[in-house]
Amino acid sequence: MKGNKKNSEKDIKGLTADKDDFSEWFTQLMLKADLADYTEVSGCIVFKPNAYSLWEKVISGMDKRFKPLGIRNAYFPLFIPEKFLNKEKEHVEGFSPEVAWVTRIGDTELAEKLAIRPTSETIMYPSFSKWIRSWRDLPLKINQWNNVVRAEFRHPVPFFRTREFLWNELHTVLATEKEAWAEGSAVLNAYDDFCSNEMALYGVSGRKTEKEKFAGGVASTKIHYILVNGRVIEGPCFHYDGQNFAKAYDIKFLNKDGKQEYAHQNTYAISTRMLGAMFAVHSDSKGLIIPPRMAINKAVIVPIYFDDSRDKVLKEAKRIESELSEFEAFVDSREQYNPGFKFNEWELKGVPIRIEIGPKDLEKKQAVVVRRDTGEKSSVSLKDIKKFVDKALEDIQNNLYARSKKLFESKVKKTDSISELKKIISAKMVGISPLCKRVECEDQVKADTGGAKVMFISDKDSVKGNEKCIVCGKKADYWAYVGKSY
């Protein structure tokens, strides 16, 4: 392999769209970084191994955080009898436009339609009502990792909004409202810990308005992220369901005084949408940037040699691979591709660290280490390579989080004027404005801003007492984040 061979495949393999052209850029990223592919089923994608391995990181990371909270995994059926859905009218009304139905199996028409799981409350809670009899059976905390289908007709966007997606849905049953809210805070903190410390994503937690809350629930809180195009991504969620589902599904228990009560319930989720957020927030015009703690392979070693130096260079590359085994480092020793092609490929696929080593490096007892996030190159002594890479990976992780926070903060702007809010939305940003609780005012904001909606209410931006609703001019109940989302 010749070190000066031209890289003729760069333009074919690399991204040709800039991140400012977000839709085209993200589509190319998904396809060329080998993350996913389209299928013949509209709105449904293939999660290729590069993406699915990252989803497995989400599963293992969250399971590790769930276990200390007393949460256990289980699995419930994909199909839900229609009568179960009809038990909770508000829930059905919220999901009915999205439900896909099975009416026939083979040549046999079913006596009762079966819904393909849009979410699992209605299949899990009949079991909960059988399992729970007294306070000794509480709390019950059951999680499942599964797929759901929501056959909505909005324009699907890979990873952000697809008709089938992967997620966790955690359903808990508790004795009191106080316990339910305390648990909600603990689980949201676990989600946030994973997303910020592993995925390097800065997000803001906020509760939904009555109009935007989960169908059938009492209150909803989600962690929100903002992309470079100003779109808001709704991340992990917590819904306090009160006793609504308990009453619909007869989930009761005898308390310590021997009296029967309806239980209180919570639901939670994190989905493959978070992969899309991670890809979109961190990546650049060269391709993926994967935070080191999420990366399967944290370093790639690219040997650069001529015929007379091949054996020596490959031997040292393999030695470095062994020394960096804890980082899942690997040597790209493919002889059919030149070093330049390999540089571009691993930049495209987001490996955090690239190590280049050639005959001149061997003479100097060094290697060149390149950071994926900044492109910074450093000549590093071979004896210090492990220590340097370890520190560089931590620096990359911290830098990506700092950049994510800076992006979020650069995309939000406060205003108490509806005309200024329109300008903020037009500039592809998120406005923070005072609003009252009236649904009519919330609807008017959406009409006036060309489709932006009230995304969430943050406790960080509470009313001081004299703010006026930007629509009706009456006393505001809160400052709300207003923007467009996927």
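The values are calculated or read from the model by the stated rules, or taken from the named source; none is laboratory data. Being a predicted model, the structure only gives us computed values, none of them experimental. Quick reminder, even Gly has a Cβ in these numbers, built from the backbone with ideal geometry, and neighbours come from all protein chains shown.
Quick notes on this one:
- Pick from segment 78-97, criterion under 23 Å from LYS141 (Cα atoms) and of a type in the set (A, V, I, L, M, F, W, C), ranking: modelled with the lowest pLDDT: LEU85
- Strands (runs of 3 or more DSSP E) within segment 316-433 that include 1 or more residues without any contact (Cβ under 8 Å) to a residue 24 or more places away in the chain: 366-371, 377-381, 412-414
- Within segment 320-363, the residues that satisfy the criterion of being at pLDDT 95 or above and acidic (Asp, Glu) are GLU321, GLU323, GLU326, GLU328, ASP332, GLU345, GLU347, GLU356, ASP361, GLU363.
- Among the residues of segment 114-131, some residue qualifies, meaning at least one is assigned to a helix (DSSP H, G or I), in contact (Cβ under 8 Å) with a residue 24 or more places away in the chain, in the same structural domain as HIS264 (by TED's automatic domain parsing) and within 24 Å of the chain's Cα centre (by Cα).
- Of all residues in segment 157-186, those satisfying the criterion of being part of a helix (DSSP H, G or I) and small (Gly, Ala, Ser) are ALA180, ALA182, GLY184, SER185, ALA186.
- Among the residues making up segment 260-312, those that are closer than 22 Å to PHE47 by Cα and basic (Lys, Arg) are ARG273, LYS286, ARG293, LYS298.
- Checking the stated criteria, LEU69 turns out to be assigned by TED's automatic domain parsing to the domain that holds LEU174, at pLDDT 95 or above, farther than 23 Å from ASP250 by Cβ and surrounded by fewer than 20 Cβ atoms within 10 Å (Cβ to Cβ).
- Among the residues of segment 70-77, some residue qualifies, meaning at least one is within 16 Å of ASN143 (Cα to Cα) and of a type in the set (Phe, Trp, Tyr).
- Scanning segment 262-296 for residues that are in a strand (DSSP E or B), in contact with a Leu (Cβ under 8 Å, 6 or more places away or on another chain) and of a type in the set (Ser, Thr, Tyr) yields THR267, TYR268, SER271.
- Where a residue in segment 177-204 is touching a residue at least 40 places away in the same chain (Cβ under 8 Å) and its partner, wherever it lies, is hydroxyl-bearing (Ser, Thr, Tyr) and part of a loop (DSSP other than H, G, I, E, B), with Cβ under 8 Å and at least six apart: SER196/TYR202; VAL204/SER458
- Applying the condition of being of a type in the set (Phe, Trp, Tyr) and within 16 Å of LYS252 (Cα to Cα) to segment 101-138 and asking which residue is surrounded by the fewest Cβ atoms within 10 Å (Cβ to Cβ) yields TRP131.
- Residue check: ILE301 meets all listed conditions (1) under 27 Å from VAL204 (Cα atoms); (2) assigned to a strand (DSSP E or B); (3) of a type in the set (Val, Ile, Thr) but one, namely (1).
- You will find that of LYS413, LYS386, the residue that is surrounded by 15 or more Cβ atoms within 10 Å (Cβ to Cβ), touching a helix residue (DSSP H, G or I) at 6+ places or on another chain (Cβ under 8 Å), farther than 30 Å from ALA447 by Cβ and not hydrophobic (A, V, I, L, M, F, W, C) is LYS386 and no other.
- Selected residue [acidic (Asp, Glu) and touching a strand residue (DSSP E or B) at 6+ places or on another chain (Cβ under 7 Å)] from GLU198, GLU152, GLU183, GLU210: GLU183
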